[in-house]
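Please treat every number below as a calculation from the coordinates, not as lab data. It should be emphasised that the depicted structure is a prediction, and the values quoted were computed from it without experimental measurement. Glycine also receives a Cβ, built like all others from the backbone with ideal geometry; neighbour counts cover every protein chain displayed.
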Amino acid sequence: MVDNYGRLIEYMRVSVTDRCDLRCRYCMPDGCEKVSMSQILTFEEIVRICRAASELGINRIKITGGEPFVRLGCIDLIKEIKAIDGIEEVTVTTNGQTLDRYIDELREIGIDGINISLDTLDPDRFEYITGRGKLDKTLRSVELAAGSGIKTKINTLLQKDFNEDEVYDIAALAFRYGIDVRFIEMMPVGAADAGTVVSNPEVLQKLIERWPDLEPDPSIHGNGPAVYYKRPGTKGCIGLISAMHGKFCDYCNRVRLTSQGQLKPCLSFDTGTDLRPYLSRTDDELKDAIRKAILEKPESHCFSNPDIAGDHAEHRLMSQIGG
């Protein structure tokens with residue numbers, strides 16, 4: 001489906017829960033106000049929305065949370081979504097703390113990709129930033145995912161005066177495991193502090209100083225706006241997602257479905273369409289609601305100038321809107 005600005009919208013991020021087994025400081029440092037399960041979409045409702053979206057041209061689904069694997073039955077949901085006509089790709093984003101329990105099942109059902117969040121290789125820093133996580137568990141998940149044959153990516157947020165000194169060590173994981181490592185600029189959503197952002201132009205300069213043979217990789221790696229770089233003769237790539245210093249709204253292809261059923265056209269605004277009332281109506285009415293939400297997608301985000309959003313700037317935690 002094409003929105004009012006001529007952008008092809010074909011990708012939907014689906015949050016299956018607002019809960020998480022970690023308490024990352026830029027996401028949910030004090031936890032979040034958990035809503036009752038009666039307010040969370042059932043798996044049947046999520047599948048129905050995905051089916052309706054697929055009939056409008058959405059063909060790629062990312063399963064997110066919170067942490068998706070804290071919700072029982074997540075594997076079965078992924079399997080059902082993969083079986084929907086028109087859905088070409090289903091991937092999942094996880095913190096990796098429990099991925100070892102599910103990696104074999106994910107491979108068996110044919111998951112198309114796994115993104116693992118990893119911000120530091122220092123155990124003490126890892127426990128500090130995550131609130132309660134264990135680095136060895138996430139590193140084990142990286143090894144298992146990379147060795148499984150499933151397309152694997154690491155997502156890293158660099159922050160000033162915290163982990164920016166680890167950029168080389170984290171980037172080197174791409175070449176060690178033959179996977180993608182992406183550095184994502186911090187966006188001012190929820191508890192995240194944009195003042196700590198390390199710009200990707202800075203990151204790229206550092207990486208080129210370390211690896212002068214780094215060169216652009218024009219191949220397509222997935223659904224998102226990352227710009228990739230590779231080294232001749234090596235496997236694995238380094239990606240840069242520059243939401244703040246490389247605004248990519250002109251070709252944004254995504255919408256987000258929150259765990260409570262709101263279809264969000266843009267991350268920086270709190271506006272969206274509550275799809276729950278339409279789940280008791282016909283499929284055509286549900287599709288019309290999804291179509292309307294996509295057509296209301298704003299021209300661009302307002303992270304650099306939140307005053308543009310006025311009373312509609314997004315203030316919820318990332319875990320509540322789908323990371």
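A few points about this structure:
- Considering only Ile150, Tyr251, Pro123, the residue lying farthest towards the positive end of the dipole of the stretch 11-321 is Ile150, judged by Cα position with unit charges set on Cβ.
- All lysines inside 27 Å of Lys292 as judged from Cα atoms, apart from same-chain residues fewer than 8 positions distant: Lys62, Lys82, Lys247, Lys264
- Projecting the Cα atoms of Tyr26, Gly66, Leu41 onto the charge dipole of the stretch 22-77 (Cβ charges, centred on the Cα centre) puts Tyr26 farthest toward the positive pole.
- Extending 7 Å from the Cα toward the beta-carbon at both Thr42 and His221 defines two label points whose distance is 4.0 nm.
- The H on the amide N of Val14, modeled in the peptide plane, is under 5 Å from the matching H of Lys62, Ile63, Thr64, Leu257, each at least 5 residues off or on a different chain.
- Tensor-based shape of the stretch 42-119 (alpha-carbon gyration tensor, a/c under 1.5 rounded, otherwise prolate or oblate): prolate
- Here the extension length gained between Glu143 and Lys82 equals 19.5 nm, from 0.36 nm per residue of separation less the Cα-Cα distance.
- Residues of type aspartates and glutamates that Lys160 reaches as a straight line, Cα spacing below 15 Å, ignoring anything fewer than 8 places off in the same chain: Asp119, Glu185, Asp193, Glu202
- Net charge, Gly6 excluded, C-beta distance under 12 Å - Lys, Arg +1, Asp, Glu -1: -1
- Taking Cβ atoms as reference points and 14 Å as the exclusive limit, the residues near Cys237 contribute a net charge of +3, counting Lys and Arg as +1 and Asp and Glu as -1.
- Note on Glu202/Asp124: beta-carbon distance plugged into 1/(1 + (r/R0)^6) with R0 of 25 Å gives a FRET efficiency of 0.50.
- Taking amide H as placed 1.01 Å from N in the peptide plane, the amide H of Asp217 sits under 5 Å from that of Tyr228, Tyr229, Lys230, each at least 5 places away or on another chain.
- The amide H of Lys34, built 1.01 Å from its N in the peptide plane, has no neighbour under 5 Å, considering only residues 5 or more places off or on other chains.
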